[in-house]
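Student: What follows is a single structure, and I will ask about it in a moment.
Nothing in this text is a laboratory measurement; each read-out follows from the coordinates by a stated rule. Not measured: the values here are computed from a predicted model.
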Amino acid sequence: MSDALPRAILFDVDGTLVDSNRQHIEAWGRVFADAGFDIPPERIAPEIGKGGDQLVPTLLPTLGEEQQQALQTAHGELFKAQYLRGIAPLPGARTLLERAREAGMTVVLATSSGADQLDHYVGLLGSTLIDEATSSDDAGRSKPAPDIFSAALAKAGVPAAAARVVGDSRWDMVAAWKCGIVPVALLTGGFPAPVLVEAGAAAVYADPAALAAGFYASPLANAVSRKPSSADQD
C-alpha cells in the first residue's frame with residue numbers, strides 16, 4: 001500500500017495528547033464496582049481506547065442494552081465530575097500540534113470520548129492549534145469501528161492516503177486501517193510496542209515529545225509503503 005504525502009493528521013486524544021488513561025481505568029473500575037461487578041484494572045486496561053459502547057459489552061457481554069447504557073452514562077458523569085479537571089497534556093503534546101501546523105497539515109482531533117470532554121481538551125491543548133474535532137457524538141460506533149476516523153477524515157477534506165492517524169491504543173491502529181489511513185503509535189497509553197506494531201502501527205514513538213522531535217523523518221511528513229497486519233481485520 002503506497003501513500004501520498006500527508007496533508008492532514010488525525011489525533012486521538014486520551015492517552016495520546018492528554019495523560020488520562022489511568023484515570024479512565026480507575027473510573028471504569030469504580031462504576032463497575034458500584035454496579036456489583038468486580039472487574040480488576042488489568043482487565044479494563046487493554047480495552048481503554050474503545051468508547052463505552054464497545055468497552056462495556058466486551059467486559060460484560062451478558063448485560064442488556066439498558067444496563068450497558070447506564071454504565072456508560074455513569075462513567076461519563078463520574079469522569080467529568082472527579083477526574084476531568086485534573087487531566088494534563090502529555091509532554092510535548094502542544095509542540096507536536098505546533099509542528100503539524102508549521103508543516104501545513106490540517107489538524108483534527110478524533111476521540112472516543114464525548115463532546116463535553118473533547119471541548120475541555122481543545123481548550124487545554126490550545127484551540128488555535130486545532131482545525132477540527134470529532135467525538136463519539138459524531139459517530140454511530142466508537143473505536144475500533146472506523147466511524148470516528150471517517151468523520152474526522154471528512155472534516156479534514158483529504159483522501160485517506162493523504163492522512164495519518166496518531167494514537168496510543170491497539171484500537172486506534174485497527175480503526176485507522178479500516179479507513180485506509182496509516183497510523184503512528186505512541187507508548188503513552190500503556191500498550192506494548194509489539195501489540196501496536198501487530199495492530200498496524202507504521203512507527204512507534206515514546207511520547208508526543210519524541211514524535212515532535214522526529215516529525216520530519218516520521219510517517220507524518222513522508223509517503224510510506226505499509227500493509228496492515230492481520231490484526232487490523234478484527
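Student: Going by amide H atoms built from the backbone, whose H comes under 5 Å of the H on A110, apart from near neighbours?
Tutor: F11, D12, V13, T134
Student: Using only Cα atoms and rounding to the nearest 10 degrees, what angle (0 to 90) does helix 65-82 make with the longest principal axis of the chain?
Tutor: With both axes taken from Cα atoms, the answer is about 70 degrees.
Student: At 1.002 mPa s and 20 °C, plugging the Kirkwood radius over alpha-carbon pairs of the chain into Stokes-Einstein gives what diffusion coefficient in µm²/s?
Tutor: 123 µm²/s
Student: Here's another thing I want to ask about it. Can you give the helix-only mean residue ellipticity at 222 nm for the chain, where every DSSP H stretch with n ≥ 4 adds -39500 (n - 2.57) and the sum goes over all residues, rounded to the nearest 500 deg cm²/dmol?
Tutor: -12000 deg cm²/dmol
Student: Take the alpha-carbon centre of the stretch 90-132, take the same for the stretch 1-41, and report the distance between them in whole Å.
Tutor: Value for the Cα centre distance between the two parts: 16 Å.
Student: Express in % the proportion of alpha carbon pairs of the stretch 21-85 at distances exceeding 19 Å.
Tutor: For the stretch 21-85, the share of Cα pairs beyond 19 Å comes to 20 percent.
Student: May I ask you to evaluate 6.51 cos²θ - 1.76 cosθ + 1.60, the Karplus curve with θ = phi - 60°, for each residue of the stretch 91-98 and list the ³J(HN,Hα) values in order in whole Hz, giving x for glycine and proline?
Tutor: With coefficients 6.51, -1.76 and 1.60, one gets x, x, 4, 5, 4, 5, 5, 4 Hz.
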